[in-house]
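In what follows, a structure is listed as structure tokens, so that the remarks can point back to it.
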Amino acid sequence: MRYLVTGGAGFIGSNTVDELVRRGHDVVVLDDLSSGKAENLIEVQDKVELLRHSVTDLDRLREACRGVDYVLHLGARTSVPRSVKDPLETNRVNVDGTLNVLIAARDAKVKRVVFAGSSSVYGETPTLPKREEMPAAPISPYGLSKLAGEMYGQVFQRCYGLEFVSLRYFNVFGPRQDPGSPYSGVLSLFNAALLNDTQPIVYGDGEQSRDFTYVGNAVEANLLACESKRAAGLAINIGTGSRYTLNQTLALLEKITGRPAKAKYGPPREGDIHDSQADISRAKDVLGYNPRFGFEEGLKDTWEWFCAVEKPSSRS
Ligand code: UD1
């Protein structure tokens, strides 16, 4: 099978590309390297075609979709605070870009598009865990952009028969998550801080919680979502079903790394959700998904990766 992975040089993308190559598939990556890195694809560079273009370029997307069976659309502007600061840019990449991907996939007669949705679409609704039937009520431009992408895909399935699945990822973390920007995922920043002997920063009192999901689980879900017949047209939570507060996470990191993880506490972040936890019954039922990697195991792997790859004090 031939796969197009948008954002394939990024964090979740490159981990997914590795697995596709391992399974013997043909892979094309479309990535403008704005946050992705060519070095994430070093191990598979002879086996993968890398097109350095943005999802905002419809003509390039049309070329990239030629002969493709499945599109994994993972290219996006991540980060809630970045979207609060610059909603236009988030919309341009996440909404306009997704519309471009859908048009190109539809016209190239792609079998299915799998979309990187987000837990942020649920917003602040108090009920936990989050089930897909709950009303979406995003509280940030980022969450809204992910909901719009998801709904566009569902409309394309209805209007044009293009199969579409949205995987609502819950706070994915792991090797290759880049700590190089203030908008980076919290666990990459915590790992980099510990590596550099600096203090991790916590926005708020650290009692907010997340269903931190190891990237290996997300990769597995991506591949299952291409194949499952019943998944077409659905939004599906991809998490672990549990949640940890930032304070609990820091205590675990202290244990794993043997380094002090005393945080500096600051004011809470705008657009931030307090608690997040997935109900993964639908993923289990429809995809046969079962998170293989637990949180602690994932944290250990991630720390080992940081120790091996990240140069202390070049970042964070
Ligand atoms: C949100 C989505 C997530 C998505 C991500 C993309 C929710 C619940 N989750 O993640 O699915 O993948 O956007 O960007 O909406 N924090 C600190 N110190 C730091 C950095 C962050 O305390 O140095 C705090 C944040 O305020 C937040 C938590 O850690 O409370 C997680 O932040 P982050 O990793 O940025 O992800 P979300 O915004 O939760």
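For every other residue with a beta carbon closer than 12 angstrom to the beta carbon of Gln199, add +1 if it is Lys or Arg and -1 if Asp or Glu, then tell me the sum.
Numbers: positive: Arg259, Lys262, Lys264; negative: Asp197.
Here the count lands on +2.
Please count, across segment 215-314, the pairs of lysine residues with Cα atoms under 19 Å apart that sit 8 or more places apart or on different chains.
Details: Lys229/Lys284; Lys255/Lys264; Lys255/Lys300; Lys262/Lys300; Lys300/Lys311.
Taking segment 215-314 as the scope, the lysine pair count is 5.
Once the piece of chain linking Asp197 and Cys159 is laid out straight, how much longer is it, given 0.36 nm per residue of separation minus the C-alpha distance between them? Roughly 8.3 nm would be gained on extension. Ordered by the count of other Cβ atoms within 10 Å of each Cβ, fewest first, Ile201, Ile42, Ile280 give Ile42, Ile201, Ile280. For the chain, the calculated P(r) over all alpha carbon pairs, in 20 Å bins from 0 to the bin holding the longest distance, is 35, 60, 6 percent.
Restricting attention to the chain, close to 5% of DSSP beta bridges with both partner residues there are antiparallel.
Please find the FRET efficiency linking Arg259 to Tyr183, where r is the Cβ-Cβ separation and R0 is fixed at 35 Å, and quote it to the nearest 0.05. Numbers along the way, then the final one.
Details: r = 24 Å, r/R0 = 0.69.
About 0.90, to the nearest 0.05.
Take the Cα of Lys300, step 7 Å toward its Cβ, do the same at Glu19, and the gap between the two points is 2.0 nm. For Glu39 and Asp205, a Förster radius of 25 Å and the Cβ-Cβ distance give a FRET efficiency of 0.10, rounded to the nearest 0.05. Size of segment 145-255: Rg and Dmax of its alpha carbons, in Å, are 17.1, 54.
When peptides 82-93, 165-176, 144-155 are ranked by their average number of other Cβ atoms within 10 Å per residue, the highest-first order is 165-176, 144-155, 82-93.
Scoring 12-20, 258-266, 118-126 by mean Cβ neighbours within 10 Å over their residues and listing the highest first yields 12-20, 118-126, 258-266.
Only the coordinates and a few stated rules stand behind these numbers; no lab work does. Just so you know, these numbers come straight off a predicted model, no measurement behind them. Note that each Cβ is placed from the backbone with ideal geometry, even for glycine, and that neighbours are counted across all protein chains shown.
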